[in-house]
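Input: a single structure, listed below in structure tokens.
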2 protein chains.
Amino acid sequence: MAAVQLESLEKCLERHVPPEELREVRRILYGKETRMLDLPLCALETAVERDFELKGLGFEAAPEQLRQPRIVRVGIIQNKIVLPTNAPVAQQVAAMHKRIGDLVEAAAMCGVNIVCFQEAWTMPFAFCTREKLPWTEFAESAEDGPTTKFCQELAKQYNLVVVSPILERDEVHGETLWNTAVVVSNSGHVLGKTRKNHIPRIGDFNESTYYMEGKTGHRVFQTQFGRIAVNICYGRHHPLNWLMFSINGAEIIFNPSATVGDLSEPMWPIEARNAAIANHCFTCAINRVGMVMLFLCVKAHRDFGYFYGSSYIAAPDGSRTPSLSRTRDGLLIAEMDLNLCRQISDKWAFKMTGRYEMYAEELAKMVQPDFEPNIIKE
Amino acid sequence: MAAVQLESLEKCLERHVPPEELREVRRILYGKETRMLDLPLCALETAVERDFELKGLGFEAAPEQLRQPRIVRVGIIQNKIVLPTNAPVAQQVAAMHKRIGDLVEAAAMCGVNIVCFQEAWTMPFAFCTREKLPWTEFAESAEDGPTTKFCQELAKQYNLVVVSPILERDEVHGETLWNTAVVVSNSGHVLGKTRKNHIPRIGDFNESTYYMEGKTGHRVFQTQFGRIAVNICYGRHHPLNWLMFSINGAEIIFNPSATVGDLSEPMWPIEARNAAIANHCFTCAINRVGMVMLFLCVKAHRDFGYFYGSSYIAAPDGSRTPSLSRTRDGLLIAEMDLNLCRQISDKWAFKMTGRYEMYAEELAKMVQPDFEPNIIKE
């Protein structure tokens with residue numbers, strides 16, 4: 001682990017690099033500057049009282065003659081677990097509901113239209129333990145479990161869309177478990193659910209001990225505030241996963257995640273941002289924060305590193321927000337004009353020049369057992 | 001354009017960020033630290049005399065029991081044009097041959113096994129002009145043009161593989177033009193050629209004024225030093241292009257490019273590096289440097305911005321080298337153990353978890369005229 005624990009990369013650079021060079025460093029690292037949002041005092045005070053970071057940035061688009069701007073405020077939340085992992089399950093869940101409720105209240109003060117939480121947000125990220133009880137008790141029905149009901153209340157109360165990634169118990173299909181995101185409309189109705197398409201089998205994290213690859217495909221949810229999709233965690237490593245959500249029309253793709261420092265931190269700022277660029281859409285990368293001590297496991301994993309937070313939002317023009325902190329709970333708000341997606345698509349034209357017929361054919365060939373790679377030898 | 005022109009991001013950070021924080025900044029930005037190579041004094045002196053930057057870094061892999069390390073030294077070259085763009089064509093080409101010959105000599109002193117030049121390296125990047133003569137006179141036969149012969153001499157003299165991206169004149173197919181990379185084996189034989197798969201139509205750069213999408217597919221070249229492929233310029237924006245080279249077995253993918261500051265600089269560090277991560281391979285991103293004044297064009301494009309150099313090499317584990325300068329000619333050398341590719345593939349398993357059958361089907365559907373996106377509405 002690193003000798004110095006930075007609270008955030010951006011704060012470190014701000015502290016040391018002189019302003020005129022800092023502007024150029026930011027342009028190279030983060031693209032066109034995002035505008036600071038003027039957030040209401042009550043929200044800023046709430047953030048101090050409840051001890052979380054609150055940040056608001058804006059992305060611009062050019063005015064058009066025939067389309068009105070389609071301004072939407074998106075909020076993403078990163079947070080630690082609240083109670084120790086050996087507290088009773090119901091208490092742990094209740095404490096997480098309370099904490100998220102507090103942050104969503106601040107989001108609502110800031111006029112957020114769509115909010116998304118981190119992966120499997122009601123529970124500690126216990127999938128490295130390989131233990132079943134009590135962790136599987138955190139699983140709930142996506143359609144009418146207590147967490148979905150809680151999100152429906154939030155949605156109605158604050159008139160916002162809630163993306164709620166949970167561990168799902170599917171009663172209808174043999175009581176199987178899934179890693180699922182529930183999308184609740186601002187009307188309070190469950191718009192639907194979408195499941196994690198790619199399941200990691202990395203080191204201690206073979207999540208297929210608990211759930212398998214989702215079969216919900218690449219559905220996109222038409223909300224009142226724009227078309228959204230959810231690419232859960234490990235799916236961010238798969239460019240085709242992002243692509244298919246985009247091809248189905250997603251303008252914002254959320255990536256609720258849980259990933260630790262030594263494993264993935266240098267990849268984190270690259271992948272979701274590359275997806276925003278490659279697919280002419282916005283992407284929202286959400287990671288947990290904090291150490292997780294998993295008290296029930298017998299030997300390993302009492303400390304499996306720290307979730308480094310650093311949640312951020314990237315735009316189709318290659319720009320991005322600064323990150324939330326690497327260490328604290330936080331709410332990051334981005335105001336975006338969704339017209340930017342088509343504007344950038346018209347400019348860079350990756351879909352027009354994508355040659356998908358060729359790739360459909362090449363992929364169909366490569367999955368055949370007798371596939372022969374195209375290698376030229378001397 | 002920016003108020004301050006940084007020579008490089010890394011030098012700016014080194015100047016201002018204190019050492020212990022700099023280590024952490026580098027880890028977050030660039031991943032596992034690359035090792036400085038000990039380059040021979042004669043090469044370092046040559047770089048000073050001939051006024052180019054010379055940098056050498058090493059990537060490590062774990063030792064294996066059954067495979068020897070497969071160490072290869074790759075050199076990538078970024079450079080300005082040498083003569084003004086209104087000099088006679090033959091003189092411009094000869095001056096570029098001389099310049100590149102000088103840099104390759106230094107590469108050979110450093111034990112480089114494979115060297116790659118920038119896109120359309122024998123000519124000014126004139127495709128924004130929309131003029132034909134004299135620019136099309138820079139086109140040559142890939143098989144036996146003077147530039148290919150020059151590269152064959154280099155290859156034999158220094159026992160290295162040369163990747164030579166040129167403007168190709170295809171005599172056999174109606175004297176058409178192509179944007180092509182010629183791969184010359186270290187034996188001096190032309191191993192083959194590969195063409196740019198995706199052609200930009202962006203702003204002033206509609207390169208389809210000159211050449212169209214290549215039909216050479218995603219061939220990979222088996223050299224004595226490893227399996228290589230070439231993803232030319234705009235193809236770096238297309239994740240599927242990188243993927244298919246990788247699926248055909250590429251361990252190193254070169255991306256010879258020509259791109260200017262205001263358009264693409266914040267995307268530059270993201271795309272090739274994402275490709276290295278997503279495909280468990282090494283990628284080499286090569287850009288030109290310098291302003292190009294195109295004297296023959298009537299009105300526009302007397303100054304169409306600056307090529308910002310910043311060439312770099314990225315590894316499958318998410319790490320990368322620092323960049324070459326944003327303003328100077330340069331030779332970047334990376335020593336890599338190609339065993340790292342399979343080691344990272346075994347660790348992260350993106351190909352094993354890629355679900356390509358699903359994507360082959362989805363892509364085959366999406367190219368149909370009656371494709372209906374999968375959108376869920378309330």
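The values are calculated or read from the model by the stated rules, or taken from the named source; none is laboratory data. This structure is a prediction, so every number in the text was calculated from the model and none was measured. Backbone-built Cβ (ideal geometry, glycine too); neighbour counts: all protein chains shown. Ligands, DNA and RNA are stripped out before the accessible areas are found, and what is left, the full protein with its side chains, is counted by its heavy atoms. Shrake-Rupley method; radii C 1.70, N 1.55, O 1.52, S 1.80 Å.
The residues on offer are B:48, B:25, and the sole one that is free of Cβ contacts under 8 Å to residues at least 24 places away in the same chain and open to solvent by less than 50 Å² (accessible area, probe 1.4 Å) is B:25. When the range B:350-362 is filtered for residues that are open to solvent by 60 Å² or more (accessible area, probe 1.4 Å) and more than 7 Å from chain A (Cβ to nearest Cβ), the ones remaining, listed by number, are B:351, B:352, B:361.
Does residue B:75 fit the bill of being part of a loop (DSSP other than H, G, I, E, B) and either hydrophobic (A, V, I, L, M, F, W, C) or open to solvent by less than 50 Å² (accessible area, probe 1.4 Å) (or both)? No. Only one of the numbered conditions (1) away from chain B (no Cβ under 12 Å); (2) open to solvent by 10 Å² or more (accessible area, probe 1.4 Å); (3) of a type in the set (Lys, Arg) is not met by residue A:288, and that is (2).
If you go through the range B:40-63 one residue at a time, how many are of a type outside the set (Gly, Ala, Ser) and over 27 Å from residue B:16 (Cα atoms)? Here the count works out to 9.
Checking each residue in the range B:132-156 for being open to solvent by 80 Å² or more (accessible area, probe 1.4 Å) and in a helix (DSSP H, G or I) picks out B:137, B:146, B:149, B:153, B:156.
Kindly check whether there is at least one residue in the range A:331-349 that is at the interface with another protein chain (Cβ under 9 Å from one of its Cβ atoms), under 30 Å from residue B:244 (Cβ atoms) and surrounded by 23 or more Cβ atoms within 10 Å (Cβ to Cβ). Checked the range A:331-349: at least one residue is at the interface with another protein chain (Cβ under 9 Å from one of its Cβ atoms), under 30 Å from residue B:244 (Cβ atoms) and surrounded by 23 or more Cβ atoms within 10 Å (Cβ to Cβ). Could we say that residue A:365 is within 23 Å of residue B:233 (Cβ to Cβ), modelled with pLDDT of 95 or more and open to solvent by 30 Å² or more (accessible area, probe 1.4 Å) here? Taking the combined requirement at face value, the residue does not satisfy it. Tell me which residues, restricted to the range A:219-242, are under 14 Å from residue A:283 (Cβ atoms), more than 7 Å from chain B (Cβ to nearest Cβ) and assigned to a helix (DSSP H, G or I). A:233, A:235, A:236, A:241, A:242, listed by residue number. The listed residues are B:54, B:66, B:103, and the only one of them that is in a loop (DSSP other than H, G, I, E, B) and either open to solvent by 30 Å² or more (accessible area, probe 1.4 Å) or touching a residue at least 12 places away in the same chain (Cβ under 8 Å) (or both) turns out to be B:66.
Within the set A:263, A:294, A:324, the sole residue that is farther than 24 Å from residue A:200 by Cα and either open to solvent by less than 10 Å² (accessible area, probe 1.4 Å) or modelled with pLDDT under 95 (or both) turns out to be A:324. Checking the range B:250-257 against the condition returns no match, with no residue being facing chain A (nearest Cβ under 7 Å) and either surrounded by 21 or more Cβ atoms within 10 Å (Cβ to Cβ) or free of Cβ contacts under 8 Å to residues at least 12 places away in the same chain (or both). Which residues, taken from the range B:112-131, are out of contact with any Pro (no Cβ under 8 Å at 6 or more places or on another chain), part of a loop (DSSP other than H, G, I, E, B) and open to solvent by less than 10 Å² (accessible area, probe 1.4 Å)? B:112, B:122, B:123, B:124, B:125, B:126, B:127, B:128 - these are the residues of the range B:112-131 that are out of contact with any Pro (no Cβ under 8 Å at 6 or more places or on another chain), part of a loop (DSSP other than H, G, I, E, B) and open to solvent by less than 10 Å² (accessible area, probe 1.4 Å).
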